[in-house]
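Below is one structure, written out as structure tokens; comments come after it.
The values are calculated or read from the model by the stated rules, or taken from the named source; none is laboratory data. Predicted model only: the values in this text are computed from it and were never measured. Positions of Cβ are generated from backbone atoms using ideal geometry, with glycine treated the same way; all protein chains shown enter the neighbour counts. All accessible areas refer to the heavy atoms of the entire protein, side chains included, with ligands and DNA or RNA removed. Shrake-Rupley method; radii C 1.70, N 1.55, O 1.52, S 1.80 Å.
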Amino acid sequence: MTIGDASPARLRRDLLAHLPGSTLDAVERIVAAGAAHGDVYAVGGAVRDFLLDRSVVDVDLVMECDAPAVTYAALPDAKILAHTRFRTASVTIGGVRIDVATARDETYARPGALPAVAPADINTDLRRRDFAMNAIALRLSGGPALLDPCGGIDDIAARRIRVLHDASFRDDPTRIFRALRYAARLDFTLDPHTADLLAQSVHYIDAIGGERLRREIELMIAEPAAGAALEAAQRAGALQVAHPALTWDSGRSEALADPVVPRVPLLPYGFALLAAGSSPDDAPLIVARLKLKRDEAAAVTAIASMRKVAQTLRRPDAKPSGVVLLLDRFPLAAVSAHAAIEPDTIARRLALRYLEEWRHIKPALNGEQLIELGVPAGPQVQRALQLLRAARLDGWATDRDDEQALALRFAKSIRDSADAKAQIELNLN
Ligand code: CTP
């Protein structure tokens, strides 16, 4: 689609044709139900992405009437999540999320606060939004029309991100992260005045609540262009305001794009990279400030405390079993982050071998087989398994026979020490 040469009718037809069948059916039902009360529009990302020839991931609908009531009426059997405070409803159909909102105006009592909302017309609703490129509405009910009161189409054509008023970042400092995320994702640049406002507003990030702040950083980590977005956040000073011990650089970008362990949990891994320069004292403060989820918090706590084991990991003669004993205690996300950005060559190589090879090495014999070989059931089985694993890792057991011989010796040493203990007790009595 070339921007500018498309009629609203063609835009509407093509945008709808783009949706999977079941999603289209749901959208049409919502539009029909809403049209009985007023006009219904597609807005935000769906229109922007469609104009940019990018695939539409979710659909935002706005109507000048009660959106949750219309959505319930249109889709009586669907699982709808309504948000009464904002008069919005959300439903996922055919893998596409449909957000339905009541057109509204917003006022912010203080920077970073959630806005107070009041029903409004579509033009007011467009003008309260973050950026001009997100403030375009395509009417889906009645005759087609494209509403672009803030010049969003020109901005999209010029690949520009522009706020709609000077207090935008102060009212809602999450928009700072949004701007940097969109710039990285879409390869857009900030309009110079918007860039100035962003630089002056970075300190307002302090006013964002923990969960919202965490969510913004999660969205950055999950972006395909995460590295560029986080580097921009670092340059802007946004990460440092979130917490002074968070940091990002191009090495971290590479590590995030290409993790050593391909299936490492992305968000904990991203937070571990962000917190890799932090001290054990910083970790609980980061966790509390960002209200991190359990696995994210574990990764941050672990990467910060890995400093304590760093010395051992820098020894060229460290035994594989020793490295495994140390690193097995930490979540994979933290060890992966450590391996990716540790500056010491030896430590990095050891961590990489742990991740790629050593952590997978397990004994061939299992607990039951050890019991058959004479190891007493109970905690000794676990000890024997650890011994066999260490033997495998350090190369003094290379096959099952070696393990069997070791297990027999282990069982015998337990019997011998039990006999010796019994003898001593006998002598004492
Ligand atoms: N919006 C806003 N200010 C915010 C968040 C959202 O004005 N802090 C508006 C924007 O108009 C945005 C719309 O709400 O387009 C929907 O928000 P969201 O779903 O987060 O963004 P999308 O535009 O759909 O973009 P994305 O592709 O990132 O989902």
Scoring the chain by relative contact order with C-alpha pairs under 8 Å, at least six apart, yields a percentage of 9 percent
A chain fully extended from HIS203 to ALA288 at 0.36 nm per residue, minus the present Cα-Cα distance, gains in nm 28.7 nm
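Which value in deg cm²/dmol, rounded to the nearest 500, describes the helix-derived mean residue ellipticity at 222 nm for the chain, given -39,500 (n - 2.57) per DSSP H run of n ≥ 4 and division by the residue count?
Rounded to the nearest 500, the figure is -15500 deg cm²/dmol.
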Shape call for the range 199-356 from the C-alpha gyration tensor, a ≥ b ≥ c root eigenvalues: rounded (a/c under 1.5), prolate (a/b greater than b/c) or oblate?
prolate
Of every hundred units of 1.4 Å-probe accessible area on the chain, the number belonging to carbon and sulfur atoms, as a percent, is 51 percent
Could you give the accessible area per residue of the chain, probe 1.4 Å, as a whole number in Å²?
47 Å²
ALA257 paired with ALA318, simple spin-label distance in nm, labels 7 Å along Cα-to-beta-carbon:
2.8 nm
Given a Förster distance of 35 angstrom, what is the FRET efficiency for SER305 paired with GLU357, based on the Cβ-Cβ distance and rounded to 0.05?
0.90
Of the candidates LEU373, LEU219, LEU51, which one comes out as most mobile in a Gaussian network treatment of the chain with C-alpha springs shorter than 10 Å?
LEU373
What are the extents of the Cα atoms of the range 117-240 along their three principal axes, in Å, largest first?
48, 31, 27
ALA116 label point, 7 Å along Cα→Cβ, cut-off 13 Å on backbone N: hits in the range 193-216?
none
How large is the dipole of the range 104-214 about the Cα centre if only Lys and Arg carry +1 and Asp and Glu carry -1, each at its Cβ, rounded to the nearest 20 debye?
280 debye
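When averaged across all projection directions, what area in nm² does the alpha-carbon convex hull of the range 355-429 cover?
For the range 355-429, the mean projected area of the Cα convex hull comes to 5.8 nm².
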Starting from the Cα gyration tensor of the range 284-373, take the square roots of the eigenvalues, sort them a ≥ b ≥ c, and report rounded, prolate or oblate (rounded when a/c is under 1.5, otherwise prolate if a/b is larger than b/c, else oblate).
oblate
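What ranking do 349-357, 57-65, 374-382 get when scored by the average of other Cβ atoms within 10 Å per residue, highest first?
With the highest mean Cβ count within 10 Å placed first, the list reads 57-65, 349-357, 374-382.
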Would you kindly compute the Cα radius of gyration of the range 359-401 and its largest Cα-Cα separation (Dmax), both in Å?
10.1, 27
Dipole of the range 208-288, Cα-centred, from +1 at each Lys and Arg C-beta and -1 at each Asp and Glu C-beta, to the nearest 20 debye?
140 debye
How far apart, in nm, are two points set 7 Å out from the Cα along the Cα-to-Cβ line at HIS18 and at THR92?
2.1 nm
Would you mind calculating the gained length between GLU28 and THR345 on full extension (0.36 nm times residue separation, minus the Cα-Cα distance), in nm to one decimal?
108.2 nm
Largest-first principal axis extents, alpha carbons of the chain, Å:
99, 48, 44
Toward the positive end of the charge dipole of the chain, about the Cα centre and with charges on Cβ (Lys, Arg +1; Asp, Glu -1), which of VAL117, PRO149, ALA42 goes farthest?
VAL117
Rounded to the nearest 20 debye, what is the charge dipole size of the chain about its Cα centre when +1 sits on each Lys and Arg Cβ and -1 on each Asp and Glu Cβ?
840 debye
Between ILE161, ILE122, ILE371, where does the largest GNM mean-square fluctuation fall for the chain, given springs only between Cα atoms within less than 10 Å?
ILE371
What list of ³J(HN,Hα) couplings, whole Hz, do you get for the range 310-318 from phi and the Karplus terms 6.51, -1.76, 1.60, once you set θ to phi - 60° and write x for glycine and proline?
4, 4, 4, 6, 9, 7, x, 9, 4
Under a 10 Å cutoff between Cα atoms, tell me which one of LEU387, LEU140, LEU292 has the largest fluctuation in the Gaussian network model of the chain.
LEU387
Output ³J(HN,Hα) for the range 92-109: one whole-Hz value per residue in order, computed from phi by the Karplus curve 6.51 cos²θ - 1.76 cosθ + 1.60 with θ = phi - 60°, and x for Gly and Pro.
10, 9, x, x, 10, 7, 10, 9, 10, 10, 7, 3, 8, 10, 10, 10, 10, 5
Hey, any idea what the orientation-averaged projected area of the convex hull of the range 86-170's Cα atoms comes to, in nm²?
7.0 nm²
State the answer as a single residue: which of ALA283, ILE361, PRO316 lies farthest towards the positive end of the charge dipole of the chain, with beta carbon charges of +1 for Lys and Arg and -1 for Asp and Glu, about the Cα centre.
PRO316
Dipole-positive endmost among PHE177, ILE424, LEU273 within the chain (Cβ charges, Cα centre)
ILE424
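If R0 is 30 Å, what FRET efficiency do you get for LEU426 and GLN380 from their C-beta distance, rounded to 0.05?
0.85
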With the range 1-129 reduced to its Cα atoms and the Debye formula applied, log10 I(q)/I(0) at q = 0.09, 0.20, 0.21 1/Å amounts to -0.26, -1.19, -1.27
In nm, to one decimal, how far is the modelled label at ARG10 from the one at ALA195, with both set 7 Å along Cα→Cβ?
3.4 nm
